[in-house]
Amino acid sequence: MDIMENCRVRFAPSPTGPLHIGGARSALFNYLIAKRFKGQFILRIEDTDVERSSRESEDNIFDSLRWLGLDWDEGPDIGGPYGPYRQMERLAIYKKYIQELIDKGLAYYCYCTEEELEEERQELIAKGEPPRYLGKCRELSPEQKEQFIQEGRKPVVRFRVPGNQEIVVNDLVRGKVVFESNGIGDYVILKSDGIPTYNFAVVIDDYLMKISHVIRAEEHLSNTPRQILIYEALGWETPTFAHVSLILGKDKSKMSKRHGATSVVQYKEQGYLPEAVVNFLALLGWAPEGEEEIFTMEELIEQFSLERVSKRPAVFDIDKLKWINGVYIRGCSNEEIRDLFIPVLQEAGHLPEKLSDRDYQWIQLVINGLQEKVHTLKEVLEHIDMFVGDQVELESEDLKKVLEEEQVPLVIETLKEKIKTVEELTPETVKTMLKEVSKETKQKGKKVFMPIRIAITGKMHGPELHSIIPALGKENVLKRIEKTVG
Ligand code: GLU
């Protein structure tokens with residue numbers, strides 16, 4: 001189908017846990033294609049695994065998608081012309097098509113018990129053959145059926161897989177992939193509890209919801225021939241498929257908790273910005289044309305294409321995400337960064353609920369000192385001790401040596417005097433003050449700034465002194481100096 005026309009794509013998560021990075025990437029790719037081709041982005045909840053599905057997971061998925069800015073045009077919460085958008089609310093629809101397949105002889109009831117199936121499996125494995133259902137219930141007579149029913153067996157419905165067929169998936173990412181129908185046993189499409197399996201429900205929904213492109217994770221490629229067979233059995237045209245490669249950790253094993261947080265909400269909590277996460281996710285598998293790696297959503301919508309999505313697995317590099325996040329933090333306007341820093345500082349107890357003028361001044365100094373330095377919002381907390389309180393400890397014993405240099409007493413005395421007498425500590429007055437200390441003590445650069453920095457913060461490195469000193473205020477600065485150099 002021409003992607004330019006009637007482009008309808010979907011993200012179809014199973015609500016069995018929080019939205020993870022892989023799912024978010026699938027959602028993003030679908031979203032970008034929908035926006036690029038002025039189509040619709042549909043959210044469908046695949047909750048047929050009743051045991052593992054929960055509303056809590058569903059809410060997490062909604063929240064995470066919204067946080068990333070991936071709004072949907074149709075979905076369980078907002079409805080749409082092809083609803084309902086939750087599979088468990090569509091059981092009657094599936095039943096109709098199951099019946100159609102049964103009536104056409106393309107599907108049948110199977111009464112095999114777990115034990116019988118397991119026995120068959122073991123026999124095939126022992127013979128070195130791939131385990132699959134061999135079709136025991138394919139041709140049951142009415143009498144046999146009756147007997148099974150009498151025994152109280154509850155049947156499943158299986159799809160009758162045609163023999164000797166090549167099933168071709170023309171995948172936009174992977175090219176032509178061919179499967180043999182002989183390798184596929186008759187599979188269950190309706191479980192004994194009346195709930196369809198994924199491979200069946202997904203076909204009915206994608207068709208009825210007029211999905212033009214199925215863009216999803218590579219792990220579903222092996223399901224695709226099973227789905228194509230159902231499209232064919234019902235006489236329906238298949239959508240175009242695009243299977244996006246796995247995400248691996250840096251050590252090339254499948255992305256897991258060992259490589260960093262796996263769910264989107266964890267990145268939010270750790271202080272990543274949604275724009276940065278989106279930018280990072282886009283680069284997991286998609287290669288932009290030029291060297292540029294920073295893209296806004298609008299730029300992604302303009303430039304993203306499935307042709308430039310790689311067949312090779314994507315590598316999840318947390319350092320790259322940090323770098324990108326740092327770029328976005330630095331790119332925030334003063335107001336934006338203030339709105340981002342405040343809740344982090346409030347949550348950690350460094351700011352009250354209701355902010356005073358002095359609090360706002362202090363936040364501004366923290367921003368001046370840290371906006372350029374941190375890669376995540378939470379990193380602010382790693383440096384915040386330098387901006388508040390009278391407590392200070394030398395980071396290492398080596399720093400004592402710096403404080404014992406011969407010029408230090410004069411430098412510190414001169415500074416203390418100036419702090420005591422200056423009317424107000426502001427970035428400007430501190431800058432002037434430091435220049436004067438340098439001039440009056442006839443000491444330059446490091447000889448002045450290093451001992452002052454260490455005396456006040458206990459560290460060799462950190463944000464600019466003209467941000468830290470006014471943030472601390474006279475009293476705290478003097479107390480800290482007292483503690484470190486006396
Ligand atoms: N519910 C499936 C999953 O979460 C969706 C697969 C698909 O997109 O077809 O993996």
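Read the figures in this text as sums done on the coordinates, not as results from a lab. Everything numeric here is computed off the predicted structure, so don't read it as measured data. Reconstructed Cβ throughout: ideal geometry from the backbone, glycine too, with neighbour counts over all protein chains shown.
Every residue, every condition in (1) of a type in the set (Asp, Glu); (2) exposed (fewer than 14 other Cβ atoms within 10 Å of the Cβ); (3) out of contact with any Lys or Arg (no Cβ under 8 Å at 6 or more places or on another chain); (4) under 25 Å from Ile195 (Cβ atoms), yes or no:
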| residue | (1), (2), (3), (4) |
| --- | --- |
| Pro18 | no, no, yes, yes |
| Arg25 | no, no, yes, no |
| Ile45 | no, no, no, yes |
| Val50 | no, yes, yes, yes |
| Trp67 | no, no, no, no |
| Trp72 | no, no, yes, yes |
| Glu89 | yes, yes, yes, yes |
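Residue-wise test of (1) free of Cβ contacts under 8 Å to residues at least 24 places away in the same chain; (2) closer than 20 Å to Pro274 by Cβ.
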| site | (1), (2) |
| --- | --- |
| Ala314 | no, yes |
| Asp319 | yes, yes |
| Ser333 | yes, yes |
| Glu336 | yes, yes |
| Lys354 | yes, no |
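Looking at region 208-219 only, could you name the residues that are crowded, with 18+ Cβ neighbours inside 10 Å and either more than 9 Å from the ligand (Cβ to nearest atom) or closer than 22 Å to Val156 by Cβ (or both)? Give the derivation first.
Going residue by residue through region 208-219, those that are crowded, with 18+ Cβ neighbours inside 10 Å are 209, 211-216, 218.
Those that are crowded, with 18+ Cβ neighbours inside 10 Å and either more than 9 Å from the ligand (Cβ to nearest atom) or closer than 22 Å to Val156 by Cβ (or both): Met209, Ile211, Ser212, His213, Glu218.
For a quick check of your reading: which helices (runs of 4 or more DSSP H) sit entirely within region 1-118 and have at least 3 residues that are within 16 Å of the ligand (Cβ to nearest atom) and closer than 27 Å to Leu246 by Cα? Before you say what the answer is, go through the steps one by one.
Working: elements: 21-36, 55-68, 91-103.
Per the criteria, 21-36, 55-68.
Hey, among the residues in region 449-486 that are polar (S, T, N, Q) and either farther than 20 Å from Glu372 by Cβ or outside any helix (DSSP H, G or I) (or both), which one's nearest to the chain's Cα centre (by Cα)?
Asn476
Out of the residues in region 245-295 meeting the condition of being aromatic (Phe, Trp, Tyr) and in a loop (DSSP other than H, G, I, E, B), tell me which one is surrounded by the most Cβ atoms within 10 Å (Cβ to Cβ).
If we take residues in region 245-295 being aromatic (Phe, Trp, Tyr) and in a loop (DSSP other than H, G, I, E, B), then Tyr272 is surrounded by the most Cβ atoms within 10 Å (Cβ to Cβ).
Has region 98-116 got at least one residue that is surrounded by 12 or more Cβ atoms within 10 Å (Cβ to Cβ) and more than 20 Å from Glu139 (Cα to Cα)?
Checking region 98-116: not a single residue is surrounded by 12 or more Cβ atoms within 10 Å (Cβ to Cβ) and more than 20 Å from Glu139 (Cα to Cα).
Every residue in region 441-472 that is among the small types (Gly, Ala, Ser) and surrounded by fewer than 18 Cβ atoms within 10 Å (Cβ to Cβ), please. Full working, then the answer.
Step one: filter region 441-472 for residues among the small types (Gly, Ala, Ser), giving 445, 455, 458, 462, 467, 471.
Within region 441-472, Gly445 is the sole residue that qualifies.
Could you say which residue among Val392, Val374, Val448 is out of contact with any Pro (no Cβ under 9 Å at 6 or more places or on another chain) and closer than 30 Å to Tyr267 by Cβ?
After applying the criteria, what remains is Val374.
Cβ-Cβ distance below 6 Å, separation of 6 or more or different chains: which pairs start in region 95-107 with a residue that is more than 17 Å from Lys191 (Cβ to Cβ) and end on one that is surrounded by 18 or more Cβ atoms within 10 Å (Cβ to Cβ) and not charged (D, E, K, R)?
Correct list of pairs: Leu106/Ala233.
Looking at region 223-243, which of its residues are part of a helix (DSSP H, G or I), more than 10 Å from the ligand (Cβ to nearest atom) and in contact with a Phe, Trp or Tyr (Cβ under 8 Å, 6 or more places away or on another chain)?
The initial filter retains those residues of region 223-243 that are part of a helix (DSSP H, G or I), namely 223-233.
Right, trim to more than 10 Å from the ligand (Cβ to nearest atom) and you get 225-226, 228-233.
If the condition is that a residue be part of a helix (DSSP H, G or I), more than 10 Å from the ligand (Cβ to nearest atom) and in contact with a Phe, Trp or Tyr (Cβ under 8 Å, 6 or more places away or on another chain), then Pro225, Arg226, Leu229, Ile230, Tyr231, Ala233 are the ones that fit.
Select from region 407-431 the residues that are more than 17 Å from Thr484 (Cβ to Cβ) and loosely packed, with under 14 Cβ neighbours inside 10 Å and list them in ascending order. Please lay out each step first, then the result.
Of region 407-431, the ones more than 17 Å from Thr484 (Cβ to Cβ) are 417-418, 420-431.
Glu417, Lys420, Thr421, Glu423, Glu424, Glu428, listed by residue number.
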